[in-house]
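J.: Take this structure first; my questions come after.
The values are calculated or read from the model by the stated rules, or taken from the named source; none is laboratory data. Only a predicted model underlies this, so the values are computations on that prediction, with no experimental measurement involved. For neighbour counting, all protein chains shown are included, and Cβ atoms are generated from backbone atoms with ideal geometry for every residue, glycine included. Areas reflect the complete protein model, heavy atoms only, side chains present, ligands, DNA and RNA absent. Shrake-Rupley method; radii C 1.70, N 1.55, O 1.52, S 1.80 Å.
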Amino acid sequence: MTGATPSLSPKQVIERLRRPPTEGAPARGDHDLNPGMEPAQSLTPAAVLVPLVTHLDGLTAMFTQRTDHLLHHAGQISFPGGHMDPGDDTPEETALRETHEEIGLPPDQVELIAPLSQVMLSTTL
């Protein structure tokens, strides 16, 4: 196929995700996409899971849609996740707990591939 974009196998995608994040990379967040917005002064620790589902013909990503009545980010398409609870020791625990609460995916059915770089989010949009 001429001009077709080559696709990666699920194994190739996972191997690329397992590469360590670039050290010293600048903090990323809402402020990157909103001109004039400054990074939030106080951040709430939170974490999300980027669920990749393996199928016979490749991978798909799973998203959720936030309900319309929320105070912040209502109706947005997002990955499952949320605020860290006092009992959560790591961002991974938070992401797994929140994913289970939001979509019913049990933590023991998840293979954690790699952490992604930290992103700062503001709830003052």
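J.: Distance in nm between label sites at Leu116 and Met37, each 7 Å beyond Cα in the beta-carbon direction?
T.: About 1.6 nm, to one decimal.
J.: Let me ask another. Per 0.36 nm of contour for each residue apart, how much would the distance between Ile14 and Glu101 grow if the chain were fully extended, relative to their Cα-Cα spacing?
T.: 28.8 nm
J.: Expressed in nm to one decimal, what extension gain is obtained for the pair Gln109 and Leu59 from 0.36 nm per residue of sequence separation less their Cα-Cα distance?
T.: Extending this stretch completely gives an extra 16.4 nm.
J.: For Arg16, tell me the accessible area in Å² from a 1.4 Å probe, rounded to the nearest 10.
T.: Counting only protein heavy atoms, the figure is 130 Å².
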